[in-house]
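Please read the structure below before turning to the comments.
The values are calculated or read from the model by the stated rules, or taken from the named source; none is laboratory data. Nothing here was measured: the structure is a model prediction, and the numbers come from that model. Cβ sites come from the backbone with ideal geometry, for glycine too, and all protein chains shown count toward neighbours.
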Amino acid sequence: MNKTSQKKRHKKRRKPVVRIIGRTLKFIILAILFGAIYSVGVTIHENIKAENTIEAFKARAVEVIEETVDYNGTPQTRRYHIVPRETSYELADTRSVFYDETKLELGQKGDIFTTQQSPFPMIPAFHFFMTTYYGGHAAINDGQNRFYEATGFPDDDESLLDIMLHPGNEPHDFSVTAARNPRNIWLKPGYRPKTDPSYPAFGEYYRKEFIGLRVKNITDEQLDDVIAFSQDIVDKDSIYNFLFFLDMEYKYYCTDLVSRAYQHVLVPEDEQRQYSEALNDDGFITSVNDLLLSDDTYMAFYVEIIDDIVNIYHLEDVDPDA
C-alpha cells in the first residue's frame with residue numbers, strides 16, 4: 001500500500017472523531033446558552049412576582065400614622081402604614097410585628113428579615129447582578145432583638161480561595177462564620193457614616209428597603225427549634241459558603257441558613273437536604289425572592305426609606321384575647 005492510500009485511510013478514521021467532538025462541543029455550547037436564557041427568564045419572572053407581592057401588600061394599607069420617635073437620642077420620622085389581617089394564617093398569628101410596645105424595633109422570634117438590595121452598590125454591574133439574581137441579605141430574629149445570620153466579608157489577611165477550599169467541618173480561624181448579631185441594625189439611624197462607600201446608595205441606614213416574612217401556621221415550639229438549630233450552626237463556627245451553586249453540608253450563605261433552619265422543623269428528617277426543601281420552592285440556590293415567594297411564607301411588614309422618612313407597612317396589631 002502506498003503512502004497516499006495510508007493518508008487517505010487515516011483521514012477517513014479521523015473525520016468521524018472530529019465530527020463527534022464538534023457535535024459534542026456544539027451541544028454543550030447550546031446547552032449552556034439555553035441554560036443562561038432560561039435562568040434569565042426565570043429571574044425576570046421571579047422579580048416581577050416579587051415586586052407585585054410587595055406592591056399588593058402596600059396597597060392593603062388602610063391607615064397612615066406619622067410620628068417622630070426618639071431612637072436612642074436621634075429623632076426619626078416614621079409613617080406607620082397599617083395593613084389589616086385578612087388571611088387565615090395572618091389572623092391565626094396574633095403576635096405584633098414589633099419587638100415591644102414602644103414599636104421602636106421590628107421583629108419577633110423566627111421573623112425573617114430580608115433585603116433585595118445587595119451590599120455592593122459601589123460596584124454597579126455586580127450590584128445589579130446580585131440584587132437581581134440572589135438578593136442582598138437574610139437573617140432570623142431570635143426573639144430577643146438579635147439575629148442569626150451568615151455574612152461573607154473576609155478580613156484583609158484572609159484568602160477567599162482558602163475559605164472556599166476549606167471543607168467547613170474542620171478547625172479554622174476564619175472570620176466569615178455564622179453569628180448571632182448582638183444588635184438590631186435594620187431601623188438604626190446613623191448606622192452608616194458618610195465616609196462609607198455605600199452611603200450614596202443607602203444613606204445612613206443599613207438598607208433603604210427591607211422585608212419581614214413569617215412562616216405560615218408555625219407553632220411556638222417549632223420556632224424554638226428553629227432558633228436552637230441556628231444557635232447550633234453558630235456554635236459549630238460554620239463557615240460562609242461563597243460557592244452558592246454547590247451543595248455544601250457544613251457551609252452556609254445567608255438565605256441558605258434561613259431556609260435550612262426552617263427545613264429542620266418543616267420537613268421530615270429523611271427528606272432534608274442541603275439545597276433546602278423548605279422556603280425554597282425551586283429546590284436549588286435559595287435566593288431572597290425564593291423566601292418571599294415561597295408557599296410557606298407571607299409578608300408581615302415592609303420598610304422603605306424615602307427622603308429620610310421611614311415608611312413601615314405592617315400587619316395591624318390585634319388583641320389576642322378578643
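Annotations for the structure displayed:
Yes or no, residue by residue, for (1) under 30 Å from PHE301 (Cβ atoms); (2) part of a loop (DSSP other than H, G, I, E, B):
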site: ASP162; (1), (2): no, no
site: SER175; (1), (2): no, yes
site: ASN184; (1), (2): yes, yes
site: ALA201; (1), (2): yes, no
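Yes/no matrix, rows are residues, columns are (1) crowded, with 18+ Cβ neighbours inside 10 Å; (2) among the acidic types (Asp, Glu); (3) within 27 Å of ASP93 (Cα to Cα):
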site: PHE229; (1), (2), (3): yes, no, yes
site: ASP235; (1), (2), (3): no, yes, no
site: PHE242; (1), (2), (3): no, no, no
site: MET248; (1), (2), (3): yes, no, no
site: ASP256; (1), (2), (3): yes, yes, yes
site: SER259; (1), (2), (3): yes, no, yes
site: GLU271; (1), (2), (3): no, yes, no
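- Any hit, the stretch 273-292, residues being surrounded by fewer than 21 Cβ atoms within 10 Å (Cβ to Cβ), of a type outside the set (Phe, Trp, Tyr) and in contact with a Gly (Cβ under 9 Å, 6 or more places away or on another chain): yes
- Among the residues of the stretch 56-83, those that are out of contact with any strand residue (DSSP E or B) (no Cβ under 8 Å at 6 or more places or on another chain) and assigned to a loop (DSSP other than H, G, I, E, B) comprise ASN72, GLY73.
- Evaluation of PHE210 against (1) over 19 Å from the mean Cα position of the chain (by Cα); (2) more than 21 Å from ILE233 (Cα to Cα) (one fails), failing number: (1)
- Among the residues making up the stretch 221-250, those that are outside any loop (DSSP other than H, G, I, E, B) and either aliphatic (A, V, I, L, M) or more than 18 Å from LEU279 (Cα to Cα) (or both) are GLU221, LEU223, VAL226, ILE227, ALA228, GLN231, ASP232, ILE233, VAL234, ASP235, ILE239, TYR240.
- Scanning the stretch 121-149 for residues that are under 10 Å from the mean Cα position of the chain (by Cα), among the small types (Gly, Ala, Ser) and part of a loop (DSSP other than H, G, I, E, B) gives GLY135, GLY136.
- Selection count where residues are of a type in the set (Gly, Ala, Ser) and not in a loop (DSSP other than H, G, I, E, B), scope the stretch 273-322: 1
- The stretch 194-209: number of residues that are surrounded by 15 or more Cβ atoms within 10 Å (Cβ to Cβ) and of a type in the set (S, T, N, Q): 1
- Pairs where the first residue, in the stretch 116-142, is not assigned by TED's automatic domain parsing to the domain that holds LEU213 and modelled with pLDDT of 90 or more and the second is surrounded by fewer than 21 Cβ atoms within 10 Å (Cβ to Cβ) and not in a loop (DSSP other than H, G, I, E, B), C-beta under 7 Å, 6+ apart: none
- Any hit, the stretch 239-247, residues being among the charged types (D, E, K, R), farther than 18 Å from TYR134 by Cα and assigned by TED's automatic domain parsing to the domain that holds LEU91: no
Yes or no, residue by residue, for (1) out of contact with any strand residue (DSSP E or B) (no Cβ under 7 Å at 6 or more places or on another chain); (2) touching a residue at least 12 places away in the same chain (Cβ under 8 Å):
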{"site": "ASP156", "(1), (2)": "yes, no"}
{"site": "GLY168", "(1), (2)": "no, yes"}
{"site": "TYR191", "(1), (2)": "yes, yes"}
{"site": "PRO200", "(1), (2)": "yes, yes"}
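- Taken over the stretch 136-184, residues that are surrounded by fewer than 16 Cβ atoms within 10 Å (Cβ to Cβ) and within 30 Å of LYS103 (Cα to Cα) amount to 4.
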